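**Q** The structure's right below; bear with me while I get my questions together.
The values are calculated or read from the model by the stated rules, or taken from the named source; none is laboratory data. In this text, all values refer to a predicted model and were calculated from it rather than measured experimentally. Ideal geometry is used to build each Cβ from the backbone, glycine not excepted, and the neighbour counts take in all protein chains shown. Please note that ligands, DNA and RNA were not included when accessible areas were found on the heavy atoms of the full protein model with its side chains. Shrake-Rupley method; radii C 1.70, N 1.55, O 1.52, S 1.80 Å.
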Amino acid sequence: METGTWKVKAGLAQMLKGGVIMDVINVEQAKIAQEAGACAVMALERVPADIRAAGGVARMADPTIIEAIMKAVSIPVMAKCRIGHFVEAQVLQAIGVDYIDESEVLTPADESHHVWKHSFKVPFVCGCRDLGEALRRIGEGAAMIRTKGEAGTGNIVEAVRHMRAVMDGIRKLVSTPEEELMAVAKELAAPFELVAEMQRTGKLPVVNFAAGGVATPADAALMMQLGADGVFVGSGIFKSSDPAARAAAVVRATTHYQDPAIIAEVSKNLGQAMPGLDIKQIPTAELLAPRGW
Amino acid sequence: MKIGVLAVQGAFAEHIAALRQLGAAAVPVRLPGDLTGLDGLVIPGGESTSISRLMATYNLARPVKDLAGNGFPVFGTCAGMILLAKKSSDSDVTPLGVMDIAVRRNAFGRQKDSFETELTIPVLGEKPFPAVFIRAPVIGQVYNGVEVLARLDDGTSVAVRQGRLLASAFHPELTADLRFHKYFLDLVAESR
């Protein structure tokens, strides 16, 4: 019996596919998420929209909150550590969370290095804006990838940009002849072995979810049609006027993403979506996606 | 041979790929209409609470329960096994209740306790089978002639068969070894 293998780390992400992972800040929200059909929850002190509004330094959540949520639900519980903050990651592993999100939503602890994720038994998910960034994180040991989008904005435009960039990167790579792979690896700033493997298999070696701006059932289905394996919803559920109804609707739209009639049906009478932000109005220094590299 | 794979959430694409490699026509099942014309059904690994709720929401639970209760071949892996069981330790999931087994959900603990091992499964031949257990359930008890196909070293039951119903606590869909899927397809072929 061997625990913490690559197969079980990447395998848990495979079990989450086709599902919705929701940000929650307390037991009550975690139960609403589970009841709505979420395949996992992300335990936080504040959702990204509030982190953005508060400014200052955002850190790992208080373990008390994470443990309370772990006790309250039977679905997997994820939690965030700061980029490069390997001690926060060690703490999350010690608590026993099921997945660690090394996240740009929190204030980075290291501007040069991400956590070396291979040395952990608990799997990591990391954000990316394009294929090169995805492969750098996988090279460090991320067993799951998500687009960064722009968290806490309720605006899907950045998530779309990042998902298209990843998918476009894959399409180009598949048609690249072998002798050009080294130059492609250089251009992507990605590990050559992963680049060569992807050229052969035609797909990312790990599961890829969409994140950062999903606010409606149609947003979730849009990301699925663009090629996401599943969806993270951060502020979109619990910053809306009717979280339980919206959560269930987003789950259904994610399952039936190819069926516009069902998406239409579940989109009815959900009340107000979370307030949205125009990315162009956000000062460059306050954007979250450029954090990490 | 046409096999449906329940595709409301979880590792359904992996099952579809494995079945297609073995020459079966594998199709996703998301709505009751998708069950028409199938010779067998796979319920994949995933989150059993999500799958259970989505099956109820889209009126899949009743027809799948009726099929499985009437000799239709069904193969459940991990979450799929929980859904087939008569009893589950966890009130968050409403199992279909078609297989005479009692299961314990997340029996090994959380993700840090997920593991890989090799199992001896006599019906699949002598070569050990690579088994991936992810937040896996176990079979606590079996009744009414349920056949145990595989056990861990400590005797815990992790794969069972009852008539044309097949269930494993681990994920054959995550490995390249197709013998478990082949075993299911043989069972489907016998029932036609």
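**Q** May I ask you to derive the FRET efficiency for residue A:168 and residue B:25 from their Cβ-Cβ distance with R0 = 41 Å, giving the value to the nearest 0.05?
**A** Computed FRET efficiency for residue A:168 and residue B:25 comes out at 0.80.
**Q** Also, I was wondering about something else. Taking H as built 1.01 Å from N, whose amide H comes closer than 5 Å to the amide H of residue B:42, not counting residues under 5 places away?
**A** B:4, B:5, B:6, B:75
**Q** Where a Cα-Cα gap under 23 Å defines reach, which lysines qualify for residue B:127, not counting those fewer than 8 residues away within the same chain?
**A** List returned: A:7, B:182.
**Q** With label points built 7 Å along Cα→Cβ from the Cα atoms of residue A:278 and residue A:112, find their separation and express it in nm.
**A** Between residue A:278 and residue A:112, the label points sit 4.0 nm apart.
**Q** Which residues' amide hydrogens lie under 5 Å from the amide hydrogen of residue B:105, considering only partners 5 or more residues apart or on another chain, with H built in the peptide plane?
**A** Answer set, sorted by chain and number: B:89, B:90.
**Q** Given a cut-off of 24 Å, what percent of all Cα-Cα pairs of the stretch B:40-192 lie beyond it? Before the final figure, lay out the partial values.
**A** Numbers: 2938 of 11628 pairs.
For the stretch B:40-192, the fraction of Cα-Cα distances above 24 Å is 25 percent.
**Q** Now for a different question. Loop only per DSSP, at most 10 neighbouring Cβ atoms within 10 Å: give me the GluC sites (Glu not before Pro) in the stretch A:109-214, ordered by residue number. Don't skip to the answer; put the middle values down first.
**A** Details: sites: A:111, A:133, A:140, A:150, A:158, A:178, A:179, A:180, A:187, A:193, A:197; in loops: A:111, A:150.
Filter output for the stretch A:109-214: A:111.
**Q** Pick from A:27, A:214, A:125 the residue whose mean-square fluctuation is largest in a GNM of chain A, springs joining Cα atoms under 10 Å.
**A** Maximum fluctuation in the GNM of chain A, among the listed residues, is at A:27.
**Q** Would you mind classifying the protein assembly as shown by shape? Square roots of the alpha carbon gyration tensor eigenvalues, ordered a ≥ b ≥ c; an a/c under 1.5 is rounded, otherwise it is prolate if a/b is larger than b/c and oblate if not. Intermediate values should be presented prior to the final figure.
**A** Values: a/c = 1.61, a/b = 1.44, b/c = 1.12.
Prolate is the answer for the protein assembly as shown, as a/c is 1.5 or above and a/b outweighs b/c.
**Q** Given the DSSP H assignment, sum -39500 (n - 2.57) over each helix run of at least 4 residues in chain B and divide by its residue total; what's the result at 222 nm in deg cm²/dmol, nearest 500?
**A** Helices in chain B give a 222 nm mean residue ellipticity of -7000 deg cm²/dmol.
**Q** Each residue of the stretch A:111-117 in order: what ³J(HN,Hα) in whole Hz does its phi give by Karplus 6.51 cos²θ - 1.76 cosθ + 1.60, θ = phi - 60°, with x for Gly and Pro?
**A** 8, 10, 10, 8, 5, 7, 7
**Q** Say we join alpha carbon atoms closer than 10 Å with springs in a Gaussian network model of chain A; which of A:30, A:143, A:109 then has the biggest fluctuation?
**A** A:109
**Q** Per residue, how many Å² of accessible area does the stretch B:39-192 show with a 1.4 Å probe? Please list the in-between numbers first.
**A** Values: 5550 Å² over 154 residues.
So the stretch B:39-192 comes to 36 Å² accessible per residue, rounded to a whole number.
**Q** Hey, can you grab everything whose amide H is under 5 Å from the amide H of residue A:102? Only 5+ residues off in sequence or another chain; H modelled, so Pro and N-termini drop out.
**A** Those qualifying (amide H under 5 Å, at least 5 residues apart or on another chain) are A:81, A:125.
**Q** Report the residues of the stretch B:11-36 in range of a label on residue B:178: point 7 Å along Cα→C-beta, backbone N strictly under 17 Å from it.
**A** Answer for this model: B:13-27.
**Q** Tell me, what HN-Hα J-couplings in whole Hz come from the Karplus equation 6.51 cos²θ - 1.76 cosθ + 1.60 at θ = phi - 60° for each residue of the stretch B:113-123, using x for Gly and Pro?
**A** 9, 4, 8, 10, 8, 10, 10, 8, 10, x, 5
**Q** Follow-up. Nearest 100 Å², what total accessible surface is buried between chain B and chain A (probe 1.4 Å)? Don't jump to the answer; show the numbers that get you there.
**A** Working: alone 8500 and 12940 Å², together 18300 Å².
Result for this pair: about 3100 Å² buried.
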